Amino acid sequence: RATLLLSRCLLKMVKGNIIVPEDILSFCCNGLQGSTSSPRAREPGEREEAPGAMASPSPARNPTEVQMSQLVLPCHTNHRGELSTGQLLKWIDTAACLSAERHAGCPCVTASMDDIYFEHTISVGQVVNIKAKVNRAFNSSMEVGIQVSYEDLCSGKHCSICKAYATFVAQGPLGSKVRLKPLTPQTEEEKIEYSIAAERRRMRLVHKDTLKDLLTRSPQETELETRDGSEAVPAERTRVESVELVLPPHANHQGNTFGGQIMAWMENVATIAASRLCHAHPTLRAIEMFHFRGPSQVGDRLVLKAIVNNAFKNRWVPVVGVPSPPSPRPSAPSSLLSGSMEVGVSAEAYGQEMSVSRRHINSAFMTFVVLDQEGHPRTLPLVAPEPGDGERRYREASARKKIRLDRKYVVSCKQSEVPLSVPWDQSNKVYLSYNNVSALKMLVAKANWALAREKEKVRMYTLEEDKFLSFRIEMSVCIPASRAFSLLSNLRRRHEWDSHYVSAELVQKVDDDDMIYHVVSQKLRNENKPQDFVILASRRKPCSKGDPYVVAFRSVTLPTHPARAEFTRGETLCSGFCIWPESEEMSKVAYYNQAMPGYLNYVTTNVAGLSSDICSTFEACEKFLLKNKEDLISRLQDF
């Protein structure tokens with residue numbers, strides 16, 4: 001199928017007067033006549049099997065995988081007969097901990113839990129199915145992926161509830177950290193999760209900085225609502241404080257308070273605070289990152305505090321890449337225009353002596369809604385924060401909402417659902433960088449690459465998947481991987497080896513790893529104007545041994561660089577370089593490009609992808625790398 005599609009694409013190029021190398025056309029014709037299958041592309045470092053060798057068996061089940069099934073009983077439910085979210089969090093944490101300990105071979109503790117979005121509720125008599133497995137092990141911590149679904153035993157219906165990522169830390173004697181053994185992914189899905197786990201880890205580490213940056217740069221977006229005399233509920237009325245004594249049933253097998261139990265207690269007080277605002281029974285829709293800052297033990301007293309930070313109007317909130325809907329009809333008074341609320345909750349621990357200072361154990365932010373009989377969010381009262389800390393929490397809640405919406409859209413959406421050129425701004429810069437790199441890593445981890453052409457050092461592979469046609473071109477070069485990474489990540493030098501590349505202007509240096517360029521390319525055939533692109537270039541050094549150097553490209557939009565009459569604005573969906581060290585002086589350089597059928601002209605002549613003559617372009621790239629491999633300045637200053 002890949003050969004057939006490539007042939008059709010190249011035929012269209014010929015009709016459009018686009019130069020196509022004769023050996024590619026020859027390959028396509030010969031392949032259609034006598035070839036029934038194409039050889040699979042070998043992964044970097046993979047050995048070629050000898051002719052006649054037996055096919056390797058299918059990968060065994062992941063040894064860290066844990067499956068848990070729980071029948072929802074009345075004791076697990078709330079007043080509506082639905083599974084309590086606190087109980088679900090206990091089960092999630094238990095399954096994830098068992099998976100982590102399978103890999104570590106020693107006790108593990110929960111360090112954090114990423115954002116969780118609950119898609120459905122679960123009723124009495126239904127079965128909760130939880131699957132947890134380790135995605136990647138770092139030095140002493142590991143990421144565990146958790147998938148939760150429910151099963152209706154009467155109808156046989158299965159439905160997804162949520163997907164979560166938890167971070168666990170392995171502990172040795174007396175709480176010392178344990179160095180974890182590396183995890184080797186087997187299946188395509190496991191390779192994708194393994195590769196992207198490093199990006200999710202990076203995103204967790206910069207989350208606080210993202211919030212601070214948004215508050216600093218965009219204070220107008222987080223100002224208090226303008227009051228028109230309407231009645232608003234003082235936030236102090238929603239404040240909740242409750243104490244729990246940690247008993248042996250609340251502890252895990254290490255004697256520490258069970259992380260799932262702490263999360264359940266936090267969910268309980270948060271629900272009470274939300275109920276005090278709306279005078280109804282709220283439904284938990286999302287949890288933003290649990291952070292465990294320290295342990296607590298049997299005999300500790302846990303003080304749980306919760307307060308409604310903000311209630312949000314039921315209006316359209318700008319989300320990257322989503323057009324605004326028509327203006328809603330004014331139907332409700334301004335004091336009842338809110339549809340969701342954020343509750344801040346924290347947990348502190350102390351011993352028997354009250355004089356001892358409390359230890360901050362955990363904190364989280366939870367989003368609640370109140371549903372009507374049709375399951376739609378009801379309007380809610382506005383919140384009047386108290387001066388000082390209350391106003392700070394109010395503004396931070398507004399900033400978190402914008403970040404949460406951007407993160408959910410950019411990170412959680414399928415690639416086909418995200419526009420080619422997504423608006424870039426300070427609030428979503430971390431998540432666009434994540435999406436840029438993870439999209440390339442997902443493409444790299446794909447199986448079923450078919451060898452389409454091989455000439456001397458250059459090998460070309462194709463991959464047909466859904467409506468995308470992807471290309472991979474690779475070669476081995478006598479240059480250290482770090483130097484190739486430095487040279488290829490600098491788009492301002494691309495014109496030195498790519499004849500279709502005219503110029504690149506550095507528009508904005510986001511940080512040391514992300515740059516935005518305005519790129520101008522040569523005119524396409526049958527076009528009167530050259531193309532231009534606004535490209536986000538994101539680069540990553542290896543997280544651990546065996547990882548490649550990564551340079552990823554994707555299109556973004558900037559208000560300072562709109563489309564101009566003298567150019568034809570082009571777009572790139574997913575492209576970039578991966579560089580694997582083969583030795584101290586040898587590297588495998590691979591270029592990837594994913595294109596939709598409507599962008600085949602761009603694929604053949606774009607600045608961030610293939611040129612019309614693949615071999616000559618990559619040979620020029622090799623000469624460029626060899627010529628500049630001794631240039632020490634490039635390693636320090638080029639990017």
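Throughout, read-outs are computed from the coordinates displayed, never taken from laboratory work. This one's a predicted model, so the numbers in the text were calculated from it and none came from an experiment. Here Cβ is always computed from backbone atoms with ideal geometry, including for glycine, and neighbour counts include all displayed protein chains.
Net length available on complete extension from ASP511 to LYS455 is 16.3 nm, with 0.36 nm assigned per residue and the Cα-Cα distance removed.
The alpha carbon centroids of region 143-169 and region 369-390 are separated by 28 Å. When the pairs LYS131/LYS509; LYS163/LYS401; LYS429/LYS627; LYS313/LYS429 are compared against a 30 Å limit on Cα-Cα distance, LYS131/LYS509; LYS429/LYS627 fall above it. Relative contact order of region 63-215: 23 percent, from C-alpha pairs under 8 Å at least 6 residues apart in sequence.
Which value in nm describes the separation of the simple spin-label points at ARG301 and LEU247, placed 7 Å from the Cα toward the beta carbon? Spacing of the two 7 Å Cα→Cβ label points: 1.7 nm. Near the amide H of GLN508, within less than 5 Å, lie the amide hydrogens of ILE516, all on another chain or at least 5 residues away, with H placed in the peptide plane. What number comes out for the charge environment of GLY172, summing +1 per Lys or Arg and -1 per Asp or Glu over other residues with Cβ under 15 Å away? That works out to +2. As a calculated quantity, the FRET efficiency between GLN522 and GLU188 at R0 = 30 Å, using C-beta atoms, amounts to about 0.25.
When the charge dipole of region 63-215 is built from unit charges on Cβ atoms (+1 for Lys and Arg, -1 for Asp and Glu) and taken about the Cα centre, the candidate among GLY125, ILE196, THR110 whose Cα reaches farthest toward its positive end is THR110. The phi torsions of region 276-292, fed into the Karplus equation with coefficients 6.51, -1.76 and 1.60 and a -60° offset, translate into couplings of 5, 7, 9, 6, 8, 9, x, 10, 6, 9, 7, 10, 9, 6, 6, 10, 8 Hz, rounded to whole numbers, with Gly and Pro shown as x. Name the residues of region 166-186 whose amide N is less than 12 Å from a point 7 angstrom out from the Cα of CYS106 along the C-beta direction? In region 166-186, the label zone of CYS106 (backbone N under 12 Å from the point 7 Å along Cα→Cβ) covers 169-181. What translational diffusion coefficient, to the nearest whole µm²/s, does region 450-518 have by Stokes-Einstein, given a Kirkwood radius computed over alpha-carbon pairs, a temperature of 37 °C and 0.692 mPa s viscosity? Answer from the Stokes-Einstein relation: 222 µm²/s. Qualifying trypsin sites (Lys or Arg not before Pro) in region 477-576, where qualification requires a DSSP coil assignment and no more than 13 other C-beta atoms within 10 Å, comprise LYS545, ARG564. Between LEU558 and GLU465, the FRET efficiency estimated from the beta carbon spacing at R0 = 30 angstrom works out to 0.50. For region 419-628, pairs of C-alpha atoms spaced more than 25 angstrom apart make up 33 percent of the total. Placing a pseudo-label 7 Å from each Cα along the Cα-to-Cβ vector at CYS75 and SER160 gives an inter-label distance of 3.3 nm.
Extension gain, GLU65 to HIS376: 0.36 nm times the residue separation minus the Cα-Cα distance gives 108.3 nm. Note on region 63-215: Rg/Rh from C-alpha atoms, Kirkwood Rh, equals 1.01.
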